[in-house]
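As structure tokens, the structure follows; a few thoughts come after it.
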Amino acid sequence: MTERLNRSTKKKLRHQLAVVKGEQAPSLVLKNATYLNQARQKWLNANIWISEDTIVYVGDEMPPVLHDAEVVDCENQFIVPGYIEHHVHPFQLYNPLSFAKYASITGTTTLISDNLIFLLALEKKKALTLISDLDKQPTSMYWWSRYDPQTELANEDAISNSKMKEWLEHHLVVQGGELTSWPKVLSGDDAILHWIQETKRLRKPIEGHFPGASEKTLTQMALVGVTSDHESITGKDALMRINMGYYTSLRQSSIRPDLKKILVELQDLGLERFDRCLMNTDGSPPSFYESGVMNHLIQIAIDNGVPPIEAYNMATYNVARYYNFENKHGLIAPGRMANLNFLSAEDNPTPVSVLAKGQWIVRENKVIERDDFFPWKDYGVDKVEYNWELHEDELHFSMPMGIEMVNAVILKPYHISIDSATKELSQDYDESFYALIDRHGKWHITTMIKGFGKRISGLASSYNNSGDVILIGKSIPDMVCAFNQMKEQGGGIVLVEKGQVIGNIELPLLGMMSNKSMEEIIGEEKHLVSLLRERGYKHEDPIYSLLFFSSTHLPYVRVTQKGIYDVKKKTVLFPSIMR
């Protein structure tokens, strides 16, 4: 295989061999351990020796040389591999490090994340250096590489061939996808097909994105080379994918909390083994994770009839097998990363202690504090600079067609019948002004949106897939006021009412991510969402709504850099115009 994981140096390997031979001391010994042995699918007793970040011995013996080694008696505890969340969107207000730190506290110590924002926003060298440096943290951090920007960009060369090639070949990139642009592949797009074939040549798996896909569509995508999918909504959907050889990831997210339903239906349909099943949270917004990350999903599985060992496997061993890194992750054995969770009971997946790369993250329910500083600016991850002005008289809303929210993420066109030639809209209507403005101030598109909220006066957001500026509201003056606040702070989501800022999430990292702790971001998100709901937002998740307004993998129309875009016909209905 290509270089996919951090390779041990000869010196490090020689030291590990010396530890096993009794010539050197391990750094940590876990004695009297009851641990989950996935090779035998049962709980076994052993002593576990750890040297720095690696398990070097699992067996009956204690090391003959201890010196300053830490020895921990694990009697009455159950040890499982650190959990793996394989479908992370690490820019959902949080950033990769704030999410990693938070997730590790409840035992999720390996993340496989979406590279979309870094792929689009950063120079190739800085981006790849960034992901290498992020992996120096206690959490093991891997990535998947997108094949397309998931929207219609004004600059169609934003993802160059050289950039795509170097991302796919990087040893920390373990997958291609998620493949949201599969309709283009089936309709003849050879550019994306080329990169799928290149991913296969590198022997890396490919994740699909196939909501509602038919048997024939899934068959065609399997022939193309896709190996997994996470978009099952029912047990029948999931079983069809399993039957066709897909690894099938079962989702529990803020807008698709389907895990319990799918697990029950799969068992009713006769599924007896879950070894082709994974689980994921699909990069949900911060407050979704108040109950934890993969520990929460494992608990749902156990509570709904999945045998505990299989439930743990769905977040450990099955994932490692699928990504071809079971030589480093997913089981407790020599040579594996010392990512371990210490449980109080076999059926309680929330750990009392956590090890990540041999370092204590949590010890007997106490979080070990560590320095959170990371030099984001060194990699070009900084505030957005809006070197342009926005005036009220620039915003004209005369388009005949608007966008209507079917749910949190699906938009359909509608005919605008109200008078929009005004600076203030009546709260009697469920319609608001909507504008997308180029982050550099060169172009904009203005229309109306129905269903976002009757009483939202002015909202500005840099948080969206295209990285541009979204304005929504009943009042043009309040929309401009919200923009000016967002401009001053270099990115964020700002809510204004009667000229006053009433809600604000600052996002100084590329206009998408906060540099605050996860706990702080959860509080800010809950406050903003509460304000939006009080003012009429009625769908599942306003954070997802803002993110996906420009995303062309969702029906039926989207507002993109090129204009209002018909997803099915792949045409621009109303183009953006120069300012």
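The values are calculated or read from the model by the stated rules, or taken from the named source; none is laboratory data. Since we're looking at a predicted model, the values are computed, not measured. Every residue, glycine among them, receives a Cβ derived from its backbone with ideal geometry; neighbour counts consider all protein chains shown. Side chains are part of the model used for accessible areas, which takes the heavy atoms of the whole protein and leaves out ligands, DNA and RNA. Shrake-Rupley method; radii C 1.70, N 1.55, O 1.52, S 1.80 Å.
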Problem - Lys/Arg +1, Asp/Glu -1 at C-beta; the chain dipole; positive extreme among L17, V71, P555 - result: L17
Fill in the blank from the handout: Between N407 and N161, the FRET efficiency computed from the C-beta separation at R0 = 25 Å comes out, to the nearest 0.05, as 0.10
Practice task
For the stretch 460-466, take each phi angle, set θ = phi - 60°, evaluate the Karplus expression 6.51 cos²θ - 1.76 cosθ + 1.60, and give the result in whole Hz per residue in order, putting x for glycine and proline.
Solution key: 10, 9, 8, 8, 5, 5, 8
Problem - Rh by Kirkwood over Cα pairs, then Stokes-Einstein D for the stretch 351-413 at 1.002 mPa s and 20 °C, µm²/s - result: 117 µm²/s
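Mind checking the per residue accessible area of the stretch 392-578 for me, 1.4 Å probe, whole number of Å²?
Details: 6910 Å² over 187 residues.
Accessible area per residue: 37 Å².
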Problem - For the stretch 175-191, 3J(HN,Hα) per residue [Karplus equation, 6.51 cos²θ - 1.76 cosθ + 1.60, θ = phi - 60°, Hz, x = Gly/Pro] - result: 7, x, x, 5, 8, 7, 9, 4, x, 5, 4, 6, 9, x, 6, 7, 5
Handout entry: Nearest-10 value in Å² for the accessible area of Y322, using the 1.4 Å probe
Key = 10 Å²
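Ignoring ligands, DNA and RNA, please state the percent of accessible area on the stretch 509-579 from carbon and sulfur, probe 1.4 Å. Show your work: numbers first, answer last.
Working: 1680 of 2970 Å².
So the carbon and sulfur contribution to the accessible surface is 57 percent.
Once the mean 1/r over all distinct Cα pairs of the chain is inverted, what Kirkwood radius in angstroms do you read off? Let's see the in-between values first.
Working: mean 1/r = 0.0401 Å⁻¹.
Computed over the chain, the radius equals 24.9 Å.
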Practice task
Using a 1.4 angstrom probe on heavy atoms only, work out the carbon and sulfur share of the accessible area of the stretch 455-502 in %.
Solution key: 45 percent
Practice task
With a point put 7 Å past each Cα toward its Cβ, work out how far K124 is from T9 in nm, to one decimal.
Solution key: 2.9 nm
Practice task
With +1 on each Lys and Arg Cβ and -1 on each Asp and Glu Cβ, and nothing else charged, work out how big the dipole of the chain is about its Cα centre, in Debye to the nearest 20.
Solution key: 1300 debye
Handout entry: Dipole-positive endmost among N155, F210, G335 within the stretch 80-379 (Cβ charges, Cα centre)
Key = G335
Handout entry: the stretch 382-443-the stretch 225-264 distance, computed between alpha-carbon centres (Å)
Key = 36 Å
Completion exercise
If every Lys and Arg gets +1 and every Asp and Glu gets -1 at its Cβ, then about the Cα centre the stretch 392-578 yields a dipole, in debye to the nearest 20, of 600 debye
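Pop the C-beta distance of Q427 and D303 into the FRET formula with R0 = 45 Å and round what comes out to the nearest 0.05.
Numbers: r = 44 Å, r/R0 = 0.97.
After rounding, the FRET efficiency stands at 0.55.
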Exercise for the section: Kindly identify the stretch 80-379 as rounded, prolate or oblate by the Cα gyration tensor criterion: order the square roots of the eigenvalues as a ≥ b ≥ c, call it rounded if a/c is under 1.5, otherwise compare a/b with b/c, prolate if a/b is larger, else oblate. Expected result: oblate
Fill in the blank from the handout: By the C-alpha gyration tensor axes a ≥ b ≥ c (rounded if a/c is under 1.5, else prolate when a/b exceeds b/c, else oblate), the shape of the stretch 9-49 is prolate
Problem - Per-residue ³J(HN,Hα) for the stretch 471-477, Karplus 6.51 cos²θ - 1.76 cosθ + 1.60, θ = phi - 60°, Hz, x for Gly and Pro - result: 10, 9, x, 8, 10, 4, x
Practice task
Please report the base-10 log of the normalised intensity I(q)/I(0) for the stretch 382-515, using a Debye sum with one equal scatterer per alpha carbon and no solvent, at each q in 0.11, 0.16 (1/Å).
Solution key: -0.35, -0.76
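Of all beta bridges DSSP finds with both residues in the chain, what is the antiparallel percent, to the nearest 5?
The antiparallel proportion sits near 70 percent.
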Fill in the blank from the handout: Using alpha carbon centers only, the stretch 92-106 is separated from the stretch 524-579 by a whole-angstrom value of 25 Å
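Could you state the accessible area per residue of the stretch 220-285 in Å², with a 1.4 Å probe and every protein chain left in place? Kindly include the intermediate steps, with their values, before the conclusion.
Values: 2440 Å² over 66 residues.
Solvent-accessible surface per residue comes out at 37 Å².
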Exercise for the section: Search the structure for amide H atoms under 5 Å from the amide H of A338, placed 1.01 Å from N in the peptide plane, and list their residues when 5 or more places away or on another chain. Expected result: T54, I55, K357, G358
Practice task
Name the long-range amide H neighbours of N465: under 5 Å, sequence gap of 5 or more, or other chain; modelled H, no Pro or chain starts.
Solution key: F549, S550
Exercise for the section: Give me the Debye-computed log₁₀ of I(q)/I(0) at q = 0.28 Å⁻¹ for the stretch 237-302, equal point scatterers on Cα only, no solvent, two decimals. Expected result: -1.32
Practice task
Starting from the Cα gyration tensor of the stretch 459-566, take the square roots of the eigenvalues, sort them a ≥ b ≥ c, and report rounded, prolate or oblate (rounded when a/c is under 1.5, otherwise prolate if a/b is larger than b/c, else oblate).
Solution key: rounded
